[in-house]
Structure formats: C-alpha cells, structure tokens
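Step one of this worksheet: look at the structure below.
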Amino acid sequence: MSFKVQKTEAEWKKSLTPEEFRVLREKGTERAFTGKFYQHKEKGTYVCAACNNELFSSKTKFESGTGWPSYYDVLEGGVVTKTDRSYGMVRTEVLCANCGSHLGHVFEDGPNPTGLRYCINSISLGFKEN
C-alpha cells in the first residue's frame, strides 16, 4: 500500500513521542483500560495522532468492555485494513488511510448496524470537538 503522507523513520521519530512511535509505526498496543479516550464521551471527530486524518465519529463510539476505545463504523476514506498474521493469529489490522499508521484491529463482534468493532489504541488518536 502507498500512502499520501510519507516520512522516513527518523522524521516519524522526531514528530511522535516514543510511545506514539511504538504503537503507530511499530504496531504496538497500549495496555487495556489505560488510554485517554477509553471512557471519553465528548461529541466530535477522532483523528489520526500522526497526521490528523479524520477516522471516527463520536456517534459510532460504544462501550465494548475490552479496555480500548471501540467504534462500529469509520468515516469514509479514513482507514484501510490489511491481514495481520502476527502472534500466531489472523486478524484484520486497521491503518490510517492517509499515513499508514497502525491504529488497532477490527473484529466482527460489534453492534448493529455494522456488526463490527474497531478496537483502537487511544494513543493512535487525537480529537476534534464538534
């Protein structure tokens, strides 16, 4: 996949905190129940922490009980997905469609109307109030 925003590893390290770099660029995961947006309830738009691309509406956020912010749908053009075979599992990774940063994974155990659960690391997100 190619992405609109292209930076070298050194440029990403300069623009992100070490923890943001670990999650967004090295596909890490933050500990459950610790993220700043896990219990966030404000109205607005969640954006990519690396490039500010709009990803999720607060209207699609729901309490999944998993410890990470969860959404049942994405904003059009906000994310792309790919198969992730790490850790001996087959999952669907969620990436920012603009810069390719790792956001989390999507599972097929969410609520209606989509039946999807986009399980996203808080550190991968920023927020813009409506």
Residue identified as at pLDDT below 95 and among the aromatic types (Phe, Trp, Tyr) among Tyr87, Tyr118, Tyr46, Tyr72: Tyr87
Output the residues belonging to region 17-37 that are in contact with a helix residue (DSSP H, G or I) (Cβ under 6 Å, 6 or more places away or on another chain) and either crowded, with 16+ Cβ neighbours inside 10 Å or under 22 Å from Glu129 (Cα atoms) (or both). Glu20, Phe21, Val23, Leu24, Arg25, Glu30, Gly35, Lys36, Phe37
Please specify each residue of region 115-130 satisfying the condition of being in contact with a strand residue (DSSP E or B) (Cβ under 6 Å, 6 or more places away or on another chain) and either without any contact (Cβ under 8 Å) to a residue 24 or more places away in the chain or not aliphatic (A, V, I, L, M) (or both). Arg117, Tyr118, Cys119, Asn121, Ser124, Gly126, Phe127, Lys128, Glu129, Asn130
If Ala50 satisfies every condition in (1) assigned to a strand (DSSP E or B); (2) under 20 Å from Met1 (Cβ atoms) but one, which is the exception? (1)
For region 53-83, the count of residues that are closer than 18 Å to Pro111 by Cβ, in a loop (DSSP other than H, G, I, E, B) and in contact (Cβ under 8 Å) with a residue 12 or more places away in the chain equals 9
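The values are calculated or read from the model by the stated rules, or taken from the named source; none is laboratory data. From a predicted model like this one, the values you see are computed outputs, not experimental measurements. A quick note on method: Cβ atoms are made from the backbone with ideal geometry, for glycine too, and the neighbour counts reach across all protein chains shown.
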